[in-house]
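Written out below as structure tokens is the structure these notes cover.
The values are calculated or read from the model by the stated rules, or taken from the named source; none is laboratory data. As the structure is a prediction and not an experimental result, all values here were calculated from the model. Positions of Cβ are backbone-derived with ideal geometry, glycine not excepted, and every protein chain shown enters the neighbour counts. For the accessible areas, the whole protein counts, side chains as well, though only heavy atoms, and no ligand, DNA or RNA atoms are used. Shrake-Rupley method; radii C 1.70, N 1.55, O 1.52, S 1.80 Å.
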Amino acid sequence: MSKLTLTGFMLLLLLLLGNSSGNYAAQSKQKTSGAPTGTLQKMIVENGSVTMDLDLSRLNGISFAPQKAVKLQFAVAANSFFTILVFNDLLRGPEQGSMALVPQHSMVLPSPLKASINQLVVEKLPASEAFDIAVRDAKTGFTFFNIEGDEYDYDAKAQSLSIQGGRLLISKELANALGRPSDAGAVAGGISIGATMQPVEITQLDEKGDVKSAALPALNQPGVGTVPGPDVIIGELIGLEQSQTGSVGGRVGLALGTDACNQGTIDVDWFALPNNDHPFIPQNVYRMSGGADNTQQFEQIGQSWGKHAFTAASSNTCGFGCNGVGGSHLGSGCSDAYGAGLNGSQGGIGSRAWVNPFTGNFPGSTANNHSGHSHDVTSHRILVDVNDLNTSLNPGATYFAEAQYVVPHEYTWCQSHPGQCNMYNNASWRRYNVTGVNQPFSFTSVGATMRKQPAIMAWTGATVNQVEPDPGNDGIWFMGYKVTNPSPGIYHYEYALYNQNLDRAIQSFSVPLGPGVNISNIGFHAPLQHPGWANDGTFNNQGYGSTPWNVIQDGSSITWSTETFAQNQNANAIRFGTLYNFRFDADQPPQSANATVGFFKTGSPITVGIQAPSSGTPTPTPTASPTPTPTATASPTPTPTPTATATATATPTATATATATATPTATATATATPTATATATATATATATATPTATATATATPTSTSTPTSTPRPSPTPRGTPPGRPRPTPPPRP
């Protein structure tokens, strides 16, 4: 170091040490002597968060209206060069620099601010400026707010910087852009900043004030993790249990223990509520059953709300080599375990409805609000029907438990480091044996936890593919399918759609059908939904709907759908952490085809590869219909009735084929039963309702009895002739 540089450095240091009346020194936690001996550190932001409380009434120029305050949450981009000087562990002041802000909210803001929301910075201004810091657009330099009244506090032990009490003043530029120049200088809200700091320069001074040594330490990039950035996985699932003895409405409440590991090189934010920068942990239970080998179908039979993480431990479950960091961060390589008792503790479980599963964003102040309701033994836990666990009703079935960590810090890191996006490996599963024919049930783990994959991957013999409809803007889901041949000439088609962290959700599913394909036993299955609770985040606190999806079959496809978002915000869509099933039997073997999937909140339909029945002629990809209507389609009726011509509705329908006959049940009734029945009844528009245990059957009319004898059947009513498929017209009905 040259003498000139040293001289300049010493002058700066003496000026800092002599500034005993400055605001920064006043906020330090202890006093300092005038001697320059000691350690001077130049520090930058490792990570942090910024909260702005804005008065939208003021920003929108409505001075006579009551204050309308909104809270804007931002993460601070890692390694931001908002620098401070610390001498002997005392804050001496900030230097000119800035911290980049990553928004964690979705708000309707005035247009100038909205246009720059993804490129804002908090900038330390030069000493010549009238204000200490300001909020600016990093690209254009446009100043939105000047900040006054801010007070600095530095905690040397935690290496944390706090800036509190700042008032956001509307700048001249913003006032002019809003068309209200007189608003310049008006208070528009407040700001608070919290940041973890790390040194980038360390200088040792002797008793004369001369430099003894200087070092440039590496940034905090611990080597114990192996993946760049923060990366939370579930290392172990540590126990599935029924939280409390008892059932409500034939349902029990379960909980699953989790042990999370950070395989990333960056410590993961783990700030407890009301801060919203911590993982959210939903849990699920699945059952594989059916068919000759009990692997025909893979169904979700239970889901919980989600545990809000708090206070990370610093264990080493995954063997990555923990760096020892815990508390408000899960250190690189470290692990943090929550047992089933903790994950099932109802006061710490929040509704999924508050959470964006892709960004991890949720409102910390309301996401775990249990006021206005009381709990029973099932509330908010993994809700499962007793009959789905009863081993006498499910012989040979296999059960699996799954958990997922939705991690806000992974998303914010991804935004500033596009090549380091680790939001897609946060689910793990494990097999469990079930004991019991009625509650209480007990569970025993079988085999190891299968890390970094959802439970649908446990479906034996199925094809499962990951789908990412809008890379970088939304999450992923999985398309699973399996075709079996249970008897000669009959093929069973089983489809499962699992949404891992896709915020837009799934609203419709359409399978193409080849020419002349006859299908029967149409089915649908969805997991139980939790009832509505006060403050549960759903529209009007009504809870998510459980209405089975409508089904429409025409000459070229079969389509299932729920209501659109515009029709019902609480509709029974495939939201994150849920798996829905669609199935039917067909008289034709499988071939490769494209299914069409429509989305619930936003986005155009897409096609995905599956297997579908065909008569041997390739079937064109069907046109997507995200909002099919339940209008009945006329088709040949399975059974004639003495009083009316029955029409098969386009809701879950059995067969409309030349081989369908009435089921030989002596007392079958033509009512809309809880099972998905295709009815050929004396009613012109019988509507069937599907439930999570949908099984399509053909039932007789209320007054007729069927016998197993073979009775000639009248010819079906002629159907409209499709283009290009002429058919002979059958004789009219007698």
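Hey, any hits in the range 403-419 for a residue that's under 17 Å from the mean Cα position of the chain (by Cα) and closer than 16 Å to G239 by Cα?
The answer is yes, given that some residue of the range 403-419 is under 17 Å from the mean Cα position of the chain (by Cα) and closer than 16 Å to G239 by Cα.
When residues of the range 531-543 are filtered for being in a loop (DSSP other than H, G, I, E, B) and open to solvent by 60 Å² or more (accessible area, probe 1.4 Å), how many remain?
Selection size over the range 531-543: 2.
Please find, among T391, T412, the residue that is open to solvent by 20 Å² or more (accessible area, probe 1.4 Å) and hydroxyl-bearing (S, T, Y).
Testing whether each residue is open to solvent by 20 Å² or more (accessible area, probe 1.4 Å) and hydroxyl-bearing (S, T, Y) leaves just T391.
Only one of (1) assigned to a loop (DSSP other than H, G, I, E, B); (2) buried (at least 21 other Cβ atoms within 10 Å of the Cβ); (3) in contact with a strand residue (DSSP E or B) (Cβ under 6 Å, 6 or more places away or on another chain) fails for L383. Which number is that?
Only one criterion in (1) assigned to a loop (DSSP other than H, G, I, E, B); (2) buried (at least 21 other Cβ atoms within 10 Å of the Cβ); (3) in contact with a strand residue (DSSP E or B) (Cβ under 6 Å, 6 or more places away or on another chain) is unmet by L383, namely (1).
If we scan the range 329-336, do we find a residue that is surrounded by 24 or more Cβ atoms within 10 Å (Cβ to Cβ), in contact (Cβ under 8 Å) with a residue 12 or more places away in the chain and at positive phi?
yes
Would you confirm whether any residue within the range 199-220 is modelled with pLDDT of 90 or more, among the small types (G, A, S) and closer than 27 Å to I266 by Cα?
no
Within the set of pairs 6+ apart or on separate chains, which have a first residue in the range 352-367 that is on the phi > 0 side of the Ramachandran plot, a second that is open to solvent by 30 Å² or more (accessible area, probe 1.4 Å), and C-beta atoms under 7 Å apart?
G360/Y411
Take the range 160-176 and flag every residue that is in contact (Cβ under 8 Å) with a residue 12 or more places away in the chain and either open to solvent by 60 Å² or more (accessible area, probe 1.4 Å) or within 18 Å of V121 (Cβ to Cβ) (or both).
L161, I163, Q164, G166, R167, L168, L169, I170, S171, K172, E173, L174
Residue pairs, Cβ under 7 Å, 6 or more apart or interchain, first in the range 430-446 and touching a residue at least 24 places away in the same chain (Cβ under 8 Å), second open to solvent by less than 70 Å² (accessible area, probe 1.4 Å) and among the charged types (D, E, K, R). List them.
These pairs meet every condition: S445/R430.
Looking at (1) open to solvent by 10 Å² or more (accessible area, probe 1.4 Å); (2) touching a Pro at 6+ places or on another chain (Cβ under 8 Å); (3) within 23 Å of E563 (Cβ to Cβ), which is the only condition G472 fails?
(3)
Counting only residues that are under 30 Å from the mean Cα position of the chain (by Cα) and part of a strand (DSSP E or B), how many does the range 572-617 have?
Looking only at that region, the number is 22.
So the check is Cβ under 6 Å with 6+ separation or different chains; which pairs have a first residue in the range 533-557 that's without any contact (Cβ under 8 Å) to a residue 12 or more places away in the chain and a second one that's surrounded by fewer than 17 Cβ atoms within 10 Å (Cβ to Cβ) and among the aliphatic types (A, V, I, L, M)?
N541/A534
Give the number of residues within the range 489-512 that are open to solvent by 10 Å² or more (accessible area, probe 1.4 Å) and either out of contact with any Asp or Glu (no Cβ under 7 Å at 6 or more places or on another chain) or aromatic (F, W, Y) (or both).
Number satisfying all stated conditions: 1.
Picking from S80, S111, which residue would you name as being under 30 Å from T359 (Cβ atoms) and either of a type outside the set (G, A, S) or in contact (Cβ under 8 Å) with a residue 24 or more places away in the chain (or both)?
Result of the check over S80, S111: S80.
Restricting to the range 325-365, give me the number of residues that are in a loop (DSSP other than H, G, I, E, B), among the aliphatic types (A, V, I, L, M) and at pLDDT 95 or above.
1
Testing L528 on (1) touching a Leu at 6+ places or on another chain (Cβ under 6 Å); (2) surrounded by 22 or more Cβ atoms within 10 Å (Cβ to Cβ), one condition comes back false. Which one is that?
(2)
Taking the range 339-355, which residues are open to solvent by 30 Å² or more (accessible area, probe 1.4 Å) and under 13 Å from T538 (Cα atoms)?
W354
Please find, within the range 475-488, the residue that is most open to solvent (accessible area, probe 1.4 Å) out of those that are out of contact with any Asp or Glu (no Cβ under 8 Å at 6 or more places or on another chain) and small (G, A, S).
Among those residues, the one meeting the criterion is S487.
Looking at the range 511-545 only, could you name the residues that are under 17 Å from D376 (Cα atoms) and of a type in the set (F, W, Y)?
W533
Say whether the condition of being surrounded by 24 or more Cβ atoms within 10 Å (Cβ to Cβ), under 30 Å from T484 (Cβ atoms) and among the hydrophobic types (A, V, I, L, M, F, W, C) is met by at least one residue in the range 266-285.
Yes.
Can you spot a residue in the range 160-169 that is in a loop (DSSP other than H, G, I, E, B) and either within 25 Å of N47 (Cβ to Cβ) or of a type outside the set (D, E, K, R) (or both)?
no
For the condition in contact (Cβ under 8 Å) with a residue 24 or more places away in the chain and more than 27 Å from the chain's Cα centre (by Cα), what is the one hit in E236, E207, E241?
E207
Of all residues in the range 30-86 being more than 30 Å from S365 (Cα to Cα), open to solvent by 30 Å² or more (accessible area, probe 1.4 Å) and part of a loop (DSSP other than H, G, I, E, B), which is modelled with the highest pLDDT?
T37
If I ask for residues that are in contact with a Leu (Cβ under 9 Å, 6 or more places away or on another chain), part of a strand (DSSP E or B) and among the small types (G, A, S), which ones from the range 220-265 would you list?
Correct list: G239, G253, A255, G257, A260.
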